[in-house]
Every structure is written in structure tokens, then in C-alpha cells.
Amino acid sequence: MLEYQYKEFTSGFREWEYKDTASDLIIFQNNIGPYLSMDETCLSNGEVYTILTNKDAKGRKGALVAMIKGVKSETVIDALKTITTTKRLSVKEITIDLSPTMMLISKKAFPNASIVNDRFHVQKLVYDAISELRVGLRWELIDKENELMKQAKIEGKAYKPATCENGETKRQLLARSRMALMTNSSKWNNIQKSRTELVFKEFPILKQTYDIAIQLTAIFNKGHSKSVAFTKLAHWYEAVNKLNINHFNSVVQTMQNYYGTILNYFDRRATNASAESFNAKIKAFRSQFRGVRDNAFFIFRLCKLFA
């Protein structure tokens, strides 16, 4: 009853001027600033929204610029073009992930803006490639172990898997090193450190690929100028090519396709963290109210907080 009373009478939702259109589109063009972030998030039942936020608002009032249902480029571009040309041309920079759709939207809607691909999405590609390689090696061990077990059964012998120095099998080493291979070695605890040393000893290819990932992180972390970063990334790219590992094909292709916009990071060291943070707030808000039953009312409450 309290929830019904709040929605129908106390909140002001019924008198809200955007009530009828908020489920599909809502724009606050006065919240536009020179530095924007764009990302997508899911409200409920697979309904995805493209969300544009103002970095300068730092996730508080005035942060929400636009919330548009769907991710289809034509739909989002048409919606954003309802913002006055002067305001759209005033945008200097927009950070996005590695989505080609987001790239197209940014170019068409904000032609003067420098597009920056989020560095953490680039790094995640590399760590995902390492994870795929690790899983592939583990499946090879599983197949080999199954064959040995089958052979031992035929010969009437008990099968005993070989173990490493710490008492774990190679399969267990690979399975339990997943988190360590996704993080910097400075954050490893003693168990992770000793286990990963064994992994690198047994599987040198994982050591090579992990070093490649750390090198990329170091390039982004250091305060290089754009020209220096260009050279550093070129050398890194050559090192990845020399590895000649299939799992890194998508990494190589991504670097080729987005080289210019990845390098734009070194102009202001801007990331898409503000958009990810805003998405986290939406998800926490959604979780607090056990899902979204009325999209318009949910968006109304978001606007009260962030628009």
C-alpha cells in the first residue's frame, strides 16, 4: 500500500512531463558537458538501454544526459540528433567501449568529439585470450588423462595422476590459477605466487602471454605522450604477432581496427569508468527494488536522482 501510495500520489510520477515517453527515450540536453561517456545496460527481461552521461557531474545530479531504449545505431543517432546542433558540437571527448555500434553513434551524433576506446576493455581482451589459452590447455590435459585412465583400466591397473611439487595435478594447477592470471603479480598472495610459478614452469606459453598482458598494462599506466605511446604499442603489437597464438587473433585484429581511438587515451588519460560506475548504480538500484516492473516509473526515479 505504501509503494502504491508513493507511486500514484506522493512521488509526482503521474504529473511528470516525460511519463509517456520515458520508457523509449528521455534526454536532458542541458546536462551535456564537454566530456561524455556512453555505455549500455539492461533494465529487465533483456531490455537494453543506451545511456549517455556527463563525466563532470561525477555520478551525481546532472550526470544523466540521455537514456534511449535499444542499441540500434540508427535509432540512437536519430534520438541524439534531437539535441541542438550547438550542444552536440560542443562535446570535445566521448569515451566508449570497443563496440563498433558505439563508434558509429559517437561519430554521427558528436562529430567534433575525440573518441576514446576504454583502455580496460582493451586489456580485458588480452586477459580473455590468456584465459582461453589456459582452458584449452586444461582440456588437452583432460583428454590425455582420460586416455591414460582408459589404458590403465584395460591393463587392470589403478590409475594415479602425476602431481606437482605442491601436491596438485597439472589440471588443478590450471583450474586454480584462473584469478592469478587475470591480475597483476603484485596482488598475488603467497599461495597464488607459488602456484603460478609452477604453472609458468609447466606451461611456458602462459608465462609468455602473461608477460605480454603486463607489458600492455605498463604502457597504459605510465604517463607517456601520445607519440611515445604510439611507438610503445607498435613494439607491443609486434611482440604479440611473434607469439603466433590463435587465441590472440582477435586481440591483433582489434588493435588494427581501433589503433587511433585507443591512442586517444593518452591525450587526457580518459576511461569509461564513469559509465561503468553509473551502470553499477542502476544495477544496485534495480536490485534494491527486486527488479523492474514498470520501466517508466523506474526511469522516473533514476531521473530524480541523476538528472
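The values are calculated or read from the model by the stated rules, or taken from the named source; none is laboratory data. Every value quoted in this text rests on a predicted model; they were computed, and no experiment measured them. Here the Cβ positions follow ideal geometry from the backbone for every residue, glycine too, while neighbour counts run over all protein chains shown.
Quick notes on this one:
- If only residues of region 180-213 that are assigned to a helix (DSSP H, G or I) and either aromatic (Phe, Trp, Tyr) or on the phi > 0 side of the Ramachandran plot (or both) are counted, the one that is surrounded by the fewest Cβ atoms within 10 Å (Cβ to Cβ) is Phe200.
- Residues in region 65-95 that are among the β-branched types (Val, Ile, Thr), modelled with pLDDT of 95 or more and closer than 24 Å to Lys124 by Cα: Ile94, Thr95.
- Residues of region 284-301 satisfying the condition of being assigned to a helix (DSSP H, G or I) and out of contact with any strand residue (DSSP E or B) (no Cβ under 7 Å at 6 or more places or on another chain): Ala284, Phe285, Arg286, Ser287, Gln288, Asn295, Ala296, Phe297, Phe298, Phe300, Arg301
- Within region 23-40, if we keep just the residues that are out of contact with any Ser or Thr (no Cβ under 9 Å at 6 or more places or on another chain) and either more than 25 Å from Thr85 (Cα to Cα) or among the hydrophobic types (A, V, I, L, M, F, W, C) (or both), the residue that is surrounded by the most Cβ atoms within 10 Å (Cβ to Cβ) turns out to be Ile26.
- Across region 143-168, the qualifying residues are those that are surrounded by 12 or more Cβ atoms within 10 Å (Cβ to Cβ) and of a type in the set (Asp, Glu), and the one among them that is nearest to Lys201 (Cα to Cα) is Glu168.
- Condition check for Phe266: closer than 19 Å to Ile96 by Cα, among the aromatic types (Phe, Trp, Tyr) and touching a helix residue (DSSP H, G or I) at 6+ places or on another chain (Cβ under 6 Å): yes
- Residue identified as modelled with pLDDT of 95 or more, of a type in the set (A, V, I, L, M, F, W, C) and buried (at least 19 other Cβ atoms within 10 Å of the Cβ) among Val116, Val126, Val122: Val116
- Answer from Ile51, Ile68 - the residue that is touching a residue at least 60 places away in the same chain (Cβ under 8 Å), within 25 Å of the chain's Cα centre (by Cα) and either crowded, with 17+ Cβ neighbours inside 10 Å or not in a loop (DSSP other than H, G, I, E, B) (or both): Ile51
- In region 150-173, the residues that are of a type in the set (A, V, I, L, M, F, W, C) and modelled with pLDDT under 90: Ala152, Ile154, Ala158, Ala162, Cys164
- Residue within region 6-22 that is crowded, with 21+ Cβ neighbours inside 10 Å, outside any helix (DSSP H, G or I) and in contact (Cβ under 8 Å) with a residue 24 or more places away in the chain present: yes
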